[in-house]
Amino acid sequence: METTVAAVYCEGWDDGVVNPLTQDQAESRDSAGEPYSVVLLAGGRPHTVLDISWAEGYCAVTRYDAEGRRIAVHEFRRAPEGDLFLRESKTWHDPAGTGARHRTSWQIGGRRNDSIEPAGDRGGRHTFSDGGFTPPRLPIPAFGRWKALLDSAARVHAEACVRQFAEICAVPRVIDGPFRINNDSPGAQDLPVRTSDERPWHPPRPLQPRGLASLFRDGAERTVGDRRMRLSTRPAGKLNLPSGRLVAADPSSLDYGEEPFLTTVPAGTYPVTVSLATFTDDPAHTRVAAVRIDISDRHPVRWELALRDGQDLLDLGYGEFFGFGVDAGLACFVDEDNRERLTDEWQSLELRDPRFVTLSGGNMIAWSSGWGDGAYPTWIGRDHSGRVTSFIADMLLFPSDD
């Protein structure tokens, strides 16, 4: 049976319309790629909510039952070819938690990963990872033309829960719709409406590089809380990269098989610079702000997050990043070919003054890690032609400006 839905525009849905938008305002955001939401009403109640941010190539389709409870979320992402593909779907039989749940994530290359919990919170889980499954795809819809998107989302679970999945999954294989969009609806007259300074959702915009060049500008100052820190740079010698496969890690974890970055550089020896931040009101208190390896003398025009095998930017949410973990308050750069034989070097390190050291004739550069333990990103600089200019380990000393 056809379902007629009417659109209400806003910045999000949180048991009510948050920061309402006119249709013109929402269309303007759509054109600019800025985040907004569409609440689609059926019979005056929320049926589906679309969270859209085309700058990130992102659209989440959330389906609600008659009691206003979430029963499915389907996340579409922009494919390299420009259309949308289904990145992840989550379906619940009972939103209260006692019923079956089925989560599926797709990779563009055709691999899918499934997690099925037939009894929900009562325990028991089946996981599958299989190739040869093409994720659902469709063109990015023009503003207001949500029918194809809704129809596709309505079929996701029924069409994906086949073969061995259907034998275990207790979520009903129901197809909703088809849908008809009523653009002449009077809107959200009977829905709760509120305003908020905080958006109810954020697009999956990973952490962005923040003022990396300024971290290596002698004399520059940054604020931490109500205190000021002054930056200075120090040469740390040269790092040997006999294979060109760089590893960034806590040196105490090198024997756990820390993976090198996917981006490689020509084998060679490269200069390393350390950025130090000193409290202006306490000159004896210095921290490492960042460490840079210069692969060439060309100026970087863009930065990208350094990734390891199996990491995908599409898996990152708002402000998230893939980084190297630190548990001993120490960090290092080392070549993959030297990693295994340098696993014990960290045991003798006391990096207080200075905060960094070159070890094993340039086979490792080690430093104290920012404020201590945690996770830290490494950024790759590239020039106009896409060639690697540098790697920077950002120790996240300063609050995000994002």
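Pairs, please: C-beta under 8 Å, at least 6 apart or cross-chain, first residue touching a residue at least 60 places away in the same chain (Cβ under 8 Å) and in the stretch 163-176, second of a type in the set (S, T, N, Q)?
Close Cβ pairs satisfying both conditions: Val171/Thr91; Asp176/Thr3.
What pairs can you find where one residue is in the stretch 138-154 and open to solvent by 20 Å² or more (accessible area, probe 1.4 Å), the other is part of a loop (DSSP other than H, G, I, E, B) and of a type in the set (Phe, Trp, Tyr), and their Cβ atoms are less than 7 Å apart, with a gap of 6+ or different chains?
The qualifying pairs do not exist here.
What are the residue pairs meeting all of these: first residue in the stretch 223-240, first residue at positive phi, second residue of a type outside the set (A, V, I, L, M) and open to solvent by less than 40 Å² (accessible area, probe 1.4 Å), Cβ atoms under 9 Å, and 6 or more apart or on different chains?
Gly237/Gly362
Test Ala100 against the stated conditions and say whether it is closer than 18 Å to Arg173 by Cβ and modelled with pLDDT under 95.
It is true that Ala100 is closer than 18 Å to Arg173 by Cβ and modelled with pLDDT under 95.
Which of the strands (runs of 3 or more DSSP E) found entirely inside the stretch 296-379 contain at least 2 residues meeting this: of a type in the set (A, V, I, L, M) and touching a strand residue (DSSP E or B) at 6+ places or on another chain (Cβ under 8 Å)?
Details: elements: 302-305, 324-326, 330-335, 356-359, 364-368, 374-376.
Here the list reads 330-335, 356-359, 364-368.
Taking Gly132 and the conditions (1) open to solvent by less than 60 Å² (accessible area, probe 1.4 Å); (2) farther than 30 Å from Ser28 by Cα, which numbered condition does it fall short on, given that it satisfies the others?
(1)
Pull out all pairs, ordered by first then second residue, where Cβ-Cβ is under 9 Å, the residues are six or more apart or on different chains, the first lies in the stretch 198-217 and is outside any loop (DSSP other than H, G, I, E, B), and the second is aromatic (Phe, Trp, Tyr).
Matching pairs, first to second residue: Leu215/Phe398.
Inspect all residues belonging to the stretch 144-156 and state whether any of them is basic (Lys, Arg) and under 23 Å from the mean Cα position of the chain (by Cα).
No; the residues of the stretch 144-156 include none that is basic (Lys, Arg) and under 23 Å from the mean Cα position of the chain (by Cα).
Of Tyr36, Tyr9, which residue is touching a Lys or Arg at 6+ places or on another chain (Cβ under 8 Å), closer than 22 Å to Asn183 by Cα and free of Cβ contacts under 8 Å to residues at least 40 places away in the same chain?
Only one candidate passes the filter, namely Tyr36.
Which one of Gly12, Gly43 is open to solvent by 10 Å² or more (accessible area, probe 1.4 Å) and under 20 Å from Arg70 (Cβ atoms)?
On the way: Gly12 fails: open to solvent by 10 Å² or more (accessible area, probe 1.4 Å).
The conditions single out Gly43.
Consider Ser253 carefully, then state whether it is of a type in the set (Ser, Thr, Tyr), touching a residue at least 24 places away in the same chain (Cβ under 8 Å) and outside any strand (DSSP E or B).
Against the criterion (of a type in the set (Ser, Thr, Tyr), touching a residue at least 24 places away in the same chain (Cβ under 8 Å) and outside any strand (DSSP E or B)), Ser253 qualifies.
Filter the stretch 114-129 down to residues that are over 20 Å from Phe76 (Cβ atoms) and of a type in the set (Gly, Ala, Ser) and give me whichever is most open to solvent (accessible area, probe 1.4 Å).
Checked the stretch 114-129; the qualifying residue most open to solvent (accessible area, probe 1.4 Å) is Ser129.
May I ask you to list the residues in the stretch 259-291 that are in a strand (DSSP E or B) and open to solvent by 70 Å² or more (accessible area, probe 1.4 Å)?
Thr269, Pro283, Ala284
Only one of (1) in contact with a Cys (Cβ under 8 Å, 6 or more places away or on another chain); (2) open to solvent by 70 Å² or more (accessible area, probe 1.4 Å) is not met by Arg69, so which one is it?
It is condition (1) that Arg69 fails.
If you scan the stretch 72-82, which residues turn out to be farther than 18 Å from Arg205 by Cα and open to solvent by 40 Å² or more (accessible area, probe 1.4 Å)?
Glu81
Please go through the stretch 199-226 and pick out each residue that is open to solvent by 80 Å² or more (accessible area, probe 1.4 Å) and of a type in the set (D, E, K, R).
Result: Arg199, Arg217, Asp218, Asp226.
Out of (1) at pLDDT 95 or above; (2) of a type outside the set (A, V, I, L, M, F, W, C); (3) over 14 Å from Leu149 (Cβ atoms), the odd one out for Thr62 is which?
Answer for Thr62: the failing condition is (3).
Out of the residues in the stretch 295-327 that are surrounded by 17 or more Cβ atoms within 10 Å (Cβ to Cβ) and over 25 Å from Glu56 (Cα atoms), which is modelled with the highest pLDDT?
Ile295
Here's a check for you: in the stretch 111-128, which residue that is part of a strand (DSSP E or B) and acidic (Asp, Glu) is nearest to the chain's Cα centre (by Cα)?
Applying the filter and picking the extreme gives Asp114.
The values are calculated or read from the model by the stated rules, or taken from the named source; none is laboratory data. This structure is a prediction, so every number in the text was calculated from the model and none was measured. Heads up, the Cβs are rebuilt from the backbone with ideal geometry, glycines too, and the neighbour counts pull from every protein chain shown. What goes into the accessible areas is simple: the full protein's heavy atoms, side chains included, and nothing from ligands, DNA or RNA. Shrake-Rupley method; radii C 1.70, N 1.55, O 1.52, S 1.80 Å.
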